[in-house]
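One structure below.
The values are calculated or read from the model by the stated rules, or taken from the named source; none is laboratory data. All values reported here derive from a predicted model rather than from experimental measurement. Don't worry about glycine lacking a Cβ; one is built from the backbone with ideal geometry, like all the others, and counts go over all protein chains shown. The protein model used for the area step is the full one, side chains on, heavy atoms only, and it has no ligands, DNA or RNA in it. Shrake-Rupley method; radii C 1.70, N 1.55, O 1.52, S 1.80 Å.
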Amino acid sequence: MTAENAATTGLHPVDEKLPVWRLGAYGLQHVLAFYSAAVIVPILVAGALHLPRETLIHLIDADLFTCGIASLLQAVGFGPVGVRLPLLQGVTFTAVGPMIAIGSAVGGGTPGLLSIYGSVIVAGFVTLLMARHFAGLVRFFPPVVTGSIILIIGLALLPVAANDIVSGASPSVMQDHVPLRSIWYGLGTLASILVIQRLFRGFIATIAVLIGLVLGTLVAWMLGDANFGDVASAPLLSITHPFYFGMPTFHPVSILSMVIVMTISMIETIGNVYATGEIVDKPITSEDIARTLRADGIATMLGGVLNSFPYTCFAENVGLVRMTGVKSRWVVAAAAVIMMMLGCLPRLGALVAAVPLPVLGGAALAMFATVAVVGVQTLSRVDFNRQSNVIIVGTSIGLSMLATAQPHISDTFPMWAKIVFGSGITLGSLSAILLHLIFNVKRTIHEAAYATDVPREALIDERIREG
C-alpha cells in the first residue's frame with residue numbers, strides 16, 4: 001500500500017488486504033524462505049532419539065501444519081491473542097538441546113517424544129500465564145536494548161545462511177572442502193535477487209526473492225543438483241491428529257527445563273516483535289508484547305498436542321518484510337495456509353524441499369543481513385556520547401559473537417547453562433538487558449514513569465523527591 005493510499009483509506013499497511021493472487025505469491029515467497037529452518041528441528045530431534053523414517057516424516061508434517069496454525073494465531077489473532085503483525089511462527093532452536101536431553105533421559109524413541117510433549121504442553125501453559133507479567137518489562141527495553149537485540153539476531157543468523165551456501169553440515173562445523181558449484185548457486189541466487197530489485201519496480205520487485213529461488217533451483221536442476229524424485233514417492237495425504245504417538249508423560253525436571261527454554265524464547269520473541277514494528281512503522285506497546293506471548297503460549301501448547309514442539313516468532317522472515325516492503329499481515333496468513341497444506345499434502349512439501357540449500361542460503365544471506373540493518377537503524381536513536389550505551393551495545397554484541405563463532409563453548413557447561421551459552425542470540429540478548437539494568441536502570445525507571453499512565457500524585461511525589 002502506498003503512503004497516498006494509506007492516507008486516503010486511513011488503513012495501516014499492516015492491515016491491507018491484497019488480491020488473492022498477490023497474497024499467494026507473497027505467501028509462497030515467505031514459505032520458501034522459511035521452509036528449511038522450519039523442518040530442521042524435527043530432523044535433529046528425530047536423529048538424536050533414533051526415530052524411524054516414518055516417524056520423522058510425520059513429525060515434519062505435524063510441524064508444518066502447526067506452524068500454519070501458530071502463524072494464523074499471531075498474524076490474524078483473536079481477542080487478546082496475537083500481535084497482528086506480519087510475523088511467522090516456527091519451532092524455537094533454543095529448545096533443541098533440552099528436548100534431546102529430555103527424550104534421551106527416558107531412553108529415546110516414542111517414550112522420549114511423549115516426555116518432550118508433556119513438558120512442552122506445560123511450558124506453553126506457563127508462557128500463557130506469564131505473558132501479561134512479562135510484558136510489564138517493556139519499560140526496560142529502550143532503543144539501546146532493542147537495537148542491540150535486533151542487530152544481534154541478524155548477525156547471529158548470518159552463519160546459518162553461510163552454512164547453507166557452502167552445503168555445510170551445521171553452522172557449528174567449519175566446512176573444510178567448499179564445493180565451488182555451491183558457492184556459485186548461492187551467490188548467483190543473491191545476484192539475481194539484487195538485479196531484479198534494481199531493474200524492476202512494483203510487484204516484480206516485491207517477489208524478487210521468490211524469483212531468485214525459482215531461478216536458482218531451475219539452474220541447479222538443469223545441472224543435475226536438484227532432485228524432484230521424492231515428489232512422486234511422497235504420500236498423497238497425511239493428516240496429523242492429537243496425541244498421535246500416545247498420551248504425553250510429565251516429569252518435573254523436564255517441565256522446569258522447558259519453562260526455562262520458553263522464558264529465553266520470550267526474550268527473543270520481544271526482539272523480533274520490535275524489529276517488525278520498526279520495519280512496518282508501528283509502535284510496540286506492552287499490550288502488543290502480551291498478545292504476542294499469549295499466542296506463543298497457546299501455539300506451544302498446541303505443539304505438544306499436535307505432535308510438534310515449542311513455537312516462537314521467527315526472525316528469518318523479518319528481513320523479508322524489510323526487503324520487499326510488503327507489510328500486510330495477511331501475507332503471513334496466506335503463508336500460514338500454504339504451510340498447513342504442506343503439512344497435509346506431503347508431495348507439496350517434497351516439492352518445496354527440493355530447493356537446494358545453497359540457493360536458500362543465497363536468499364537468506366540478504367534477508368538476515370537486512371535484519372541486522374534494522375538493528376543499526378534502531379541504534380541510530382541511541383545517544384552514544386554516553387559511555388554506558390557504548391558498553392551495553394559493544395559488550396552484548398561481543399558476547400553474542402563469542403557464542404556464534406565458537407558454538408562448542410557451551411559444551412563444558414551444565415544443561416541449564418547451555419540454554420544460554422549455546423545461542424549467540426540468547427547470550428547477547430540477555431547481556432543487553434542485564435547491562436542496561438546495571439548501567440541505565442535508574443534513568444529508565446524515571447523516563448518510563450513520565451511516559452506511561454502514572455497517577456498524577458505519584459508524579460508530583462517523584463518531582464518533590466528530585467528537588
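Here are a few things to note about the model shown:
- Given (1) at pLDDT 90 or above; (2) more than 23 Å from P52 (Cα to Cα), number of the condition M262 does not satisfy: (1)
- Selection count, the range 374-426, where residues are of a type in the set (S, T, Y), open to solvent by 70 Å² or more (accessible area, probe 1.4 Å) and part of a helix (DSSP H, G or I): 1
- Candidates R294, R322, R347, filtered to the one that is in contact (Cβ under 8 Å) with a residue 12 or more places away in the chain, charged (D, E, K, R), out of contact with any Leu (no Cβ under 8 Å at 6 or more places or on another chain) and open to solvent by 10 Å² or more (accessible area, probe 1.4 Å): R322
- When the range 405-429 is filtered for residues that are farther than 19 Å from G154 by Cα, among the hydrophobic types (A, V, I, L, M, F, W, C) and in contact (Cβ under 8 Å) with a residue 60 or more places away in the chain, the ones remaining, listed by number, are M415, W416, I419.
- Neighbours by Cβ (under 7 Å, 6+ apart or cross-chain): first from the range 300-315, under 30 Å from L155 (Cβ atoms) and in contact (Cβ under 8 Å) with a residue 12 or more places away in the chain; second of a type in the set (F, W, Y) and open to solvent by less than 10 Å² (accessible area, probe 1.4 Å): T300/Y311; G303/F309; G303/Y311; F314/F34
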